[in-house]
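Chemist: Encoded as structure tokens, here's the structure I'll be asking about.
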Amino acid sequence: MRQVSEEQTRDPVVRARLFAEHELADRAGEFDRTGRLPRDVIRKMADEGLLGAAVPKRWGGHGLDPLAYGELTESVGKACASTRALLTVHTSLVCETLAERASDRLKGKYLTDLATGRRIGCFALSEAEAGSDAASVTTRYVKKGDIFVLDGRKKWISFAGIADLLLVFANDNGVSSAFLVERDMPGVEIHPMSGFLGNRATHIAEVSFTDVEVPAENLVSGIGLGFGFVANTALFHGRYSIAWAGVAIAQAALEVMCAYATEREQFGTRIGSHQLVQKMVADAVTQVAAARELCRRAGRLRLERSTDAVMATNIAKYFSSTIAQQVTSDAVQVLGGNGCWDQYPAERLFREAKILEIIEGTSQLQQLMIADYGYKKFAVRSRGGEDEVL
Ligand SMILES: Cc1cc2nc3c(=O)[nH]c(=O)nc-3n(C[C@H](O)[C@H](O)[C@H](O)COP(=O)(O)OP(=O)(O)OC[C@H]3O[C@@H](n4cnc5c(N)ncnc54)[C@H](O)[C@@H]3O)c2cc1C
């Protein structure tokens, strides 16, 4: 384990790494098996400032820049995918979005509590019939005087089982809006779900809303700004988190693969000396390095508030979730039978990696957006246009 100076222990990124190595790594298998993230772990994450890591200091967070927050996400994600998912949902999708899109009044009401972990937030967009086509949600809202009344049902909502606050997207005859709904508001019902491939400790649930009366001040940004503005902001932050999650899982798998290949012997020699095994290791080393650089590039563009940051984030998310799938599959391969057994971490990493290709916009949706960008950018160039390469 690396030595750290006293000054470094005050650095939130170093603290997150130490927390992940000491408190999470050995328990990730237990969280996966039991299907729950214990309260004491969430409490410690809050105490370490992890839950508000990317939230401005003014609202109780650490105000980390995107590069530092990415590094922090990698440390946590390498140790435990479900714990990292809490950062993705609570910190990236909910807190970062509110920091950017909510009024100061709404931030004062909720954001500091969220950033300090006094409340846990979740992101309620998807429905049984509205996944990739998320703009088509059928959860309805109606304005009645100074309240909004919500009716509908959300599916696959990570951490809804334990969250205090839900960022909910609803339509009124095609006009999409976003609302902050408290778990205890009358008419909100949580229905826990289980049996997932990965992210098993993320307290996923369906949530139903029956005549839920939400105060008008809990509208986020404004009427009509739900999907195109608030949800897109959230997904921009969520995809950045998932991009780093891919690096994290792939890095963990690479380490498992290398450790095993340099120990296990077959045919009288370490399996790592067989060239076909070396190819898998070489590919993994290269893919992890490339994915991390794409994430850093997205982070730098976000820091500069560049308009290219959105596409750089999509590219990083697509690439790193793809290589996480490949690297974890090769880790299972290198471990052979032990790779298929839950007494070794490779099979859990393999299951967790697949989830990244589904959430925050599937890989196919990323491909559509990246291809569209490619046509706009590079067709212009081939016709002699001046456009620059990203
Ligand atoms: C573990 C987990 C956690 C989740 N957490 C949350 C959460 O916290 N909040 C939330 O709101 N949602 C959450 N979701 C839902 C998730 O966002 C959706 O599953 C995802 O958006 C895909 O939607 P879908 O499952 O309906 O698949 P579909 O949209 O039905 O897609 C099925 C397949 O069709 C492909 N496809 C769809 N449209 C196109 C197209 N135009 N072109 C090419 N291919 C296409 C997809 O890529 C995919 O391969 C979670 C899901 C999982 C598995």
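The values are calculated or read from the model by the stated rules, or taken from the named source; none is laboratory data. Just so it is clear, the model here is predicted, and its values are computed rather than measured. Ideal geometry is used to build each Cβ from the backbone, glycine not excepted, and the neighbour counts take in all protein chains shown. Accessible surface areas use protein heavy atoms only, side chains included; no ligands, DNA or RNA. Shrake-Rupley method; radii C 1.70, N 1.55, O 1.52, S 1.80 Å.
Chemist: In the list Val212, Val142, Val137, Val149, which residue meets the criterion of being of a type in the set (Val, Ile, Thr), within 16 Å of the ligand (Cβ to nearest atom) and more than 17 Å from His90 (Cα to Cα)?
Modeler: Val137
Chemist: Here are some conditions: (1) more than 8 Å from the ligand (Cβ to nearest atom); (2) more than 26 Å from Phe31 (Cα to Cα). Gly131 meets all but one. Which one does it not meet?
Modeler: All conditions pass for Gly131, except number (1).
Chemist: Yes or no: Thr97 of a type in the set (Ser, Thr, Tyr), assigned to a loop (DSSP other than H, G, I, E, B), open to solvent by less than 10 Å² (accessible area, probe 1.4 Å) and within 14 Å of the ligand (Cβ to nearest atom)?
Modeler: Answer is no for this residue.
Chemist: Just checking, how many residues over segment 265-313 are among the basic types (Lys, Arg) and under 18 Å from Ala252 (Cβ atoms)?
Modeler: 1
Chemist: Follow-up question, since we're still on this one. Go over the candidates Gly117, Gly70 one by one and state the one that is more than 16 Å from the ligand (Cβ to nearest atom), within 25 Å of Val41 (Cβ to Cβ) and assigned to a loop (DSSP other than H, G, I, E, B).
Modeler: That would be Gly117, the only listed residue that is more than 16 Å from the ligand (Cβ to nearest atom), within 25 Å of Val41 (Cβ to Cβ) and assigned to a loop (DSSP other than H, G, I, E, B).
Chemist: Moving to a separate point now. Take segment 197-229 and flag every residue that is β-branched (Val, Ile, Thr) and under 18 Å from the mean Cα position of the chain (by Cα).
Modeler: Thr202, Ile204
Chemist: To continue, here is another question. So which residues in segment 286-308 are of a type in the set (A, V, I, L, M) and touching a residue at least 60 places away in the same chain (Cβ under 8 Å), if there are any at all?
Modeler: Hits for segment 286-308 are Ala298, Leu303.
Chemist: Can you tell me which condition Gly187 does not meet? The list is (1) touching a Ser or Thr at 6+ places or on another chain (Cβ under 7 Å); (2) in contact (Cβ under 8 Å) with a residue 40 or more places away in the chain, and all the others hold.
Modeler: Condition (2) is where Gly187 drops out.
Chemist: Is it fair to say Asn232 is under 24 Å from the mean Cα position of the chain (by Cα), assigned by TED's automatic domain parsing to the domain that holds Trp341 and more than 30 Å from Ile271 (Cβ to Cβ)?
Modeler: The answer is yes for Asn232.
Chemist: Next question. Out of (1) open to solvent by less than 50 Å² (accessible area, probe 1.4 Å); (2) over 23 Å from Gly195 (Cβ atoms); (3) touching a Leu at 6+ places or on another chain (Cβ under 8 Å), what's the single condition that is false for Asp65?
Modeler: Only one criterion in (1) open to solvent by less than 50 Å² (accessible area, probe 1.4 Å); (2) over 23 Å from Gly195 (Cβ atoms); (3) touching a Leu at 6+ places or on another chain (Cβ under 8 Å) is unmet by Asp65, namely (1).
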